[in-house]
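Participant: Below is a structure I'd like to ask you about.
A short reminder: the numbers here are calculations on the coordinates, not readings from a lab. Please read all numbers here as calculations on a predicted model, not as lab measurements. For neighbour counting, all protein chains shown are included, and Cβ atoms are generated from backbone atoms with ideal geometry for every residue, glycine included.
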Amino acid sequence: DSVQPVCFEDVVATTSLNRPGASDYINNFVARKHGQEEVTVLDSALEDILAPTYGIMLYQEQVMQVAQRFAGFSLGKADILRRAMGKKDASAMHEMRASFIQ
């Protein structure tokens, strides 16, 4: 099966699914989009953030939204976290960990 885009959001998701990391979830995304796999999220507070991507954290902006909602990060601090994750900067992520899990 394939994504078979029917709207712009599907096209954007398809582009993102071809990036490192996200590509691991192509089969899950396709199965969930076509109703062949249940859409699940770890916490109901994530539903509105992850609904457009069928419960899969696909976009960096979703990471930022989760950091804002769960850790109370400002947009700027959430962006610093996003960049640290993108660069795989373990020390920067470790520094933010305490703020995130308080």
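Participant: From the square roots a ≥ b ≥ c of the eigenvalues of the alpha-carbon gyration tensor of segment 59-102, which class results: rounded (a/c under 1.5), prolate (a/b over b/c), or oblate?
Facilitator: Verdict is oblate for segment 59-102.
Participant: Can you pull out the chymotrypsin sites (Phe, Trp or Tyr not before Pro) in segment 1-41 whose DSSP state is coil and whose Cβ has at most 10 other Cβ atoms within 10 Å?
Facilitator: In loop regions of segment 1-41 (DSSP not H, G, I, E or B), there are no sparsely surrounded chymotrypsin sites (Phe, Trp or Tyr not before Pro).
Participant: Among 16, 74, 44, which one shows the biggest mean-square fluctuation in a GNM of the chain, springs joining Cα atoms closer than 10 Å?
Facilitator: 44
Participant: Right, next: Determine the relative contact order of segment 1-58: mean sequence separation of Cα pairs under 8 Å and six or more apart, normalised by residue count, in whole percent.
Facilitator: 32 percent
Participant: Separate question: Normalised by the residues of the chain, what does the relative contact order come to in percent, with Cα pairs under 8 Å and at least six apart?
Facilitator: It comes to 17 percent, rounded to a whole number.
Participant: Can you give the helix-only mean residue ellipticity at 222 nm for the chain, where every DSSP H stretch with n ≥ 4 adds -39500 (n - 2.57) and the sum goes over all residues, rounded to the nearest 500 deg cm²/dmol?
Facilitator: -16000 deg cm²/dmol
Participant: Over the chain, one equal point on each Cα, no solvent: what is log10 I(q)/I(0) by the Debye formula at q = 0.18, 0.21, 0.22 Å⁻¹?
Facilitator: Debye intensities relative to I(0), on a log10 scale: -0.91, -1.12, -1.18.
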